[in-house]
Amino acid sequence: MFKTNNVASRIFERQIRTPAPGTSVHSARRFYENLVPSFTIYDVECPDHSFFKFTDDGQYFVCFSRNRQDLIVYRPTWLSFSCKGEDCDNNQELPPQAKRFESFFTQLYVKPLASCNELICKDFFLYMESNQYGIFATSTAQIQDARGTDGAILGVPSFEKITIHLLRLEDGFKLDEKVFHNDCVNLTHNMGAFLYDDLLAVVSLRYQTIHILQIRDSGNLVDVRAIGAYCREDDELFLNSSSQLAGNRGDLVDNGTNHDQPNSNNSFLSGIKQRLLSFIFREIWSEETDQTQRVQCLKKKFYFHFQDYVDLVILKVQFLDRHHLLIKFGSVDVGASRNTDQLPAFFAVYNMETTEIVAFYQNAADELYLLFERFCDHFQATSINSMYMNFISSHSNNIHALEQLKSMKNKATSVSQFVKKMLSSLPLNCQSMSPSPYFDQSLFRFDEKLISATDRPRQSTDHPIRFISRRQPNILKFKIKTGPEFGGADGRSKKYSHFLFHPAWPLALSFIQPSLFLPPSAVNIHFRR
């Protein structure tokens, strides 16, 4: 049942009533039905920065300089100003000094991050909430036609240098860095890296290696393991000693017959690929009990597609927990294509401790889709210590999101294509969704075509974006307009809009861009006055 709109009354009710066990946070979040952005300052005077995002705890606002050389970090502060007169609360006009960016944000520092030949990757940032560490990346220019080197796969561009920086956001002090030379890591929207608690996974597309790093409390980036050519720490030592022993034996053979043997580095598949092939073989083997049928089944399902499995490359990875990874395999074309749901891809669950593949699915597998539908929160893999990220709405924790998903599925012309489209988002991008309570679908209803918890620029609209109360159907709680006059000449010039919501405050920024590749033409601040 809906409670009163009066904040004082709800606070009093909170004092005399105890919420049901396990619902205290959800009960507290209902206060946001009363506390909504109600006022907008249009075309705010602000510095010429590339505004990126709030940290998940709302303590910092991360920005980059336009030349992508410097990191600029702000502390969000609430607007305060003095007013002379008797009816200040109802006065719609704010003082001129209150309409500036600096009235809401205090600059903490400017940190030069990129070297002379590097640029900051403006779409990459990960936040370690427990230590308030920030993870950033810089890289040199992309080399499209890179020369093939030992262990590198063809068709993947190269970067002379990619640097992962670990900073303490409180003061911008650089704690450590990890450098990848002549490599390729897809850093767009955090696609090539995933942070889980103190573990960071970075995918090297060029050398097909998953680097697992640990972030120590001291601020050090420590290499834990590298999964790719080798799966266990002593695999390389074992193979080198075996090849050396074979070489010593070959020296005893006359006529130099050993020189015709292939190099051990080239004659073996990578460790992760061998684990994958053996798992597929055992799964097909166990499908039949009759020996004749088993052989026929292996011929059709394994040996016929053997080269296709061998040609698979690692595209993306995410943690499911501290021991399991969800790895996406596909072709190099899948990594370069935008419509990945139309191309074949596979998903594998890998146990880092036992170095075994424990599950393998195609991108149209109903079994994997059902797991994703029912246990979507497990794919988010957020830290249990996160104060805000564990309350993002999904179709596994919110009945309204589930109904919306089922409605989309019922409207789909092909169930198989719908499953492919949904699974194309796996593995999920790390920290790509806003934990703002105004995207909580148990509190508010909004048009996800215009705005959502996913931080992406969208096609601008001339109409205000409406947030409707869930528990009071058809009651408008607040609306966000991207311009003071929508539908006029100024409205026709708008192309894309981008929104950044504070994770806890009734505060949001909207950016109007004439193009995805141009800086915003206007910045608006929406807040509760």
Give Arg225, Arg249, Arg206, Arg216 a once-over and let me know the one that is at pLDDT below 90, of a type in the set (Lys, Arg) and out of contact with any Lys or Arg (no Cβ under 6 Å at 6 or more places or on another chain).
-> Arg249
In the stretch 454-475, anything at pLDDT below 90 and within 30 Å of Leu126 (Cβ to Cβ) is listed as Thr454, Asp455, Arg456, Pro457, Arg458, Gln459, Ser460
Residues of the stretch 432-445 being open to solvent by 30 Å² or more (accessible area, probe 1.4 Å) and touching a strand residue (DSSP E or B) at 6+ places or on another chain (Cβ under 7 Å), which ones?
-> Met433, Arg445
Those residues that are open to solvent by 10 Å² or more (accessible area, probe 1.4 Å) and over 17 Å from Tyr127 (Cβ atoms), I need them from the stretch 186-205; list them, please.
-> Asn186, Thr188, Leu205
Taking the stated definitions as given, is Ser460 under 21 Å from Pro506 (Cα atoms), outside the structural domain of Asn410 (by the TED database) and buried (at least 17 other Cβ atoms within 10 Å of the Cβ)?
-> no
State all residues of the stretch 451-468 that are β-branched (Val, Ile, Thr) and in a loop (DSSP other than H, G, I, E, B); if no residue qualifies, say none.
-> Ile451, Thr461
Subset of the stretch 364-398 [at pLDDT below 85 and either in a loop (DSSP other than H, G, I, E, B) or not assigned by the TED database to the domain that holds Lys421 (or both)] | Ala381, Thr382, Ser383, Ile384, Asn385, Ser386, Met387, Tyr388
For the stretch 132-182, enumerate the residues that are polar (S, T, N, Q) and under 22 Å from Phe52 (Cα atoms).
-> Gln132, Thr138, Ser139, Thr140, Thr163
Mind listing whichever residues of the stretch 399-437 are assigned to a loop (DSSP other than H, G, I, E, B) and without any contact (Cβ under 8 Å) to a residue 24 or more places away in the chain?
-> Ala412, Thr413, Ser414, Ser425
Being in a loop (DSSP other than H, G, I, E, B) and without any contact (Cβ under 8 Å) to a residue 40 or more places away in the chain is the filter; apply it to the stretch 124-145 and report the residue that is most open to solvent (accessible area, probe 1.4 Å).
-> Asp145
Of the residues in the stretch 96-123 that are at pLDDT below 90 and part of a loop (DSSP other than H, G, I, E, B), the one that is most open to solvent (accessible area, probe 1.4 Å) is Cys116
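The values are calculated or read from the model by the stated rules, or taken from the named source; none is laboratory data. In this text the structure is predicted, and so the values were computed from the model without any measurement. Using ideal geometry, Cβ is built from the backbone for each residue, glycine included, and neighbour counts are taken over all protein chains shown. The accessibility values were calculated without ligands, DNA or RNA, using every heavy atom of the protein model including side chains. Shrake-Rupley method; radii C 1.70, N 1.55, O 1.52, S 1.80 Å.
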